[in-house]
Amino acid sequence: MPDGICSVMASELCKTISVARLEKHKNLFLNYRNLHHFPLELLKGEGLQYLERLYMKRNSLTTLPENLAQKLPNLVELHFSFILPFPVYRYLHSNNIVVVPEAIGSLVKLQCLDLSDNALEIVCPEIGRLRALRHLRLANNQLQFLPPEVGDLKELQTLDISTNRLLTLPERLHLCLSLQYLTVDRNRLWYVPRHLCQLPSLNELSMAGNRLAFLPLDLGRSRELQYVYVDNNIHLKGLPSYLYNKVIGCSGCGAPIQVSEVKLLSFSSGQLTVFLPAEVKAIGTERDRVLPLQELAMRRLYHTCHRSRKDLNFLSPISLPRSLLELLHCPLGHCHRCSEPMFTIVYPKLFPLRETPMAGLHQGRTTVSFVAYCCSTQCLQTFDLLS
């Protein structure tokens with residue numbers, strides 16, 4: 001760009017910031033300014049301490065200043081993204097920010113942080129210090145993982161991490177007690193932590209376009225969760241029956257799969273094979289007379305602890321293997337018939353989608369089925385999806 005044009009744009013930028021400083025603006029729009037560096041003018045003096053919302057979309061920023069929180073202490077919203085309908089937006093970048101500085105954790109009043117459509121590879125643990133944060137958008141970046149500290153965001157209501165490279169989600173995400181909308185579309189997830197079923201406020205969960213082969217057995221057990229979208233997870237063939245009365249998106253699921261592709265325990269009914277979470281150690285049938293001893297012991301221990309209101313933390317890895325200790329804190333699932341907790345064995349019962357009233361809604365775009373997971377042969381025999 002010619003030097004003359006650059007100087008004019010720089011002059012206009014300084015004028016905009018100066019006016020905002022003099023008039024004590026709460027909102028400042030610096031979108032489409034061709035900025036390659038964060039404007040130092042924003043960090044001079046004390047006149048911008050009233051600023052609450054800063055918009056810097058569609059620039060060419062690569063970093064954020066370390067003293068941002070010190071100079072702009074009252075920020076409640078930061079926007080560095082660029083919103084366009086998919087699939088157009090995934091080819092455009094609002095900025096090119098790779099790393100969010102640790103100093104971001106000092107913006108204690110921040111309620112909305114939008115860093116979508118950048119080049120983010122790392123989210124620093126200090127993001128967990130943003131205790132007032134309600135909306136976090138990190139879509140269309142290069143993230144391979146999220147720090148566990150995201151679970152410290154107790155006020156978080158919206159989390160959008162779609163179109164990244166995530167292989168898993170942090171289990172501590174279930175501590176985000178205010179989370180209502182979770183969007184993880186177009187990542188590389190092959191499983192969803194069962195702890196997410198404990199989110200008390202989650203209303204909408206979208207995981208379309210991943211590599212999911214199974215879903216947590218308790219998904220949909222919460223009355224709050226009403227919308228679940230798992231479209232285009234080709235390995236996914238079974239949906240927990242708790243989802244039957246929810247709004248479900250499952251088009252493009254259930255494509256044929258090679259046995260070598262997924263090494264998980266599975267059960268078959270006719271030509272359909274449904275995969276189960278890795279924690280499932282055995283699959284029960286109607287011919288079973290007695291539950292495995294390990295399962296009986298786990299259920300007894302669980303009920304004893306809850307009846308006496310003991311904290312399960314009194315148990316140590318010495319008394320139980322770590323895997324079983326984790327299951328006591330968060331069971332594999334609860335019986336879809338009687339709500340008995342299950343830890344190592346399940347009794348599955350298949351209800352093909354084509355045999356339910358919902359078949360007409362999907363018109364052959366999927367081959368998934370609903371699966372009831374029961375705790376015993378008695379519950380297996382008496383469970384009815386339609387009753």
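The values are calculated or read from the model by the stated rules, or taken from the named source; none is laboratory data. Here the structure is a predicted model, which is why all the values come from computation and not from measurement. All Cβ positions, even for glycine, are placed from backbone atoms using ideal geometry, and neighbour counts span all protein chains on display. The accessibility values were calculated without ligands, DNA or RNA, using every heavy atom of the protein model including side chains. Shrake-Rupley method; radii C 1.70, N 1.55, O 1.52, S 1.80 Å.
Annotations
- Hits in the range 158-177 - residues which are over 23 Å from H235 (Cβ atoms) and open to solvent by 30 Å² or more (accessible area, probe 1.4 Å): D160, R172, H174, L175, L177
- Only listed residue being of a type in the set (F, W, Y), touching a strand residue (DSSP E or B) at 6+ places or on another chain (Cβ under 8 Å) and in contact (Cβ under 8 Å) with a residue 40 or more places away in the chain, chosen from Y229, Y191, Y242: Y229
- Residue in the range 124-137 that is closer than 22 Å to R188 by Cβ and in contact with a His (Cβ under 7 Å, 6 or more places away or on another chain) present: no
- Being open to solvent by less than 10 Å² (accessible area, probe 1.4 Å) and under 11 Å from the mean Cα position of the chain (by Cα) is a condition met by no residue of the range 133-146.
- The set of residues in the range 375-384 that are in contact (Cβ under 8 Å) with a residue 40 or more places away in the chain and either open to solvent by less than 20 Å² (accessible area, probe 1.4 Å) or assigned to a helix (DSSP H, G or I) (or both) comprises C375, T377, C379, L380, Q381, T382.
- Residue check for S106: open to solvent by 10 Å² or more (accessible area, probe 1.4 Å) and farther than 20 Å from S178 by Cβ: yes
- Which listed residue is touching a helix residue (DSSP H, G or I) at 6+ places or on another chain (Cβ under 9 Å) and of a type outside the set (A, V, I, L, M), from S251, S206, S241: S251
- Looking across the range 283-299, the residues that are closer than 15 Å to L327 by Cβ and either open to solvent by 90 Å² or more (accessible area, probe 1.4 Å) or assigned to a helix (DSSP H, G or I) (or both) come down to Q294, E295, L296, A297, M298, R299.
- Any chance G209 is in a loop (DSSP other than H, G, I, E, B), in contact with a Pro (Cβ under 9 Å, 6 or more places away or on another chain), on the phi > 0 side of the Ramachandran plot and buried (at least 17 other Cβ atoms within 10 Å of the Cβ): no
- Among the numbered conditions (1) crowded, with 23+ Cβ neighbours inside 10 Å; (2) without any contact (Cβ under 8 Å) to a residue 60 or more places away in the chain, the only one that E149 does not meet is (1).
- Among (1) open to solvent by 30 Å² or more (accessible area, probe 1.4 Å); (2) in a loop (DSSP other than H, G, I, E, B); (3) not small (G, A, S) - the single one P216 does not satisfy: (1)
- Test: residue in the range 35-52 that is surrounded by fewer than 17 Cβ atoms within 10 Å (Cβ to Cβ), of a type in the set (A, V, I, L, M) and modelled with pLDDT under 85: yes
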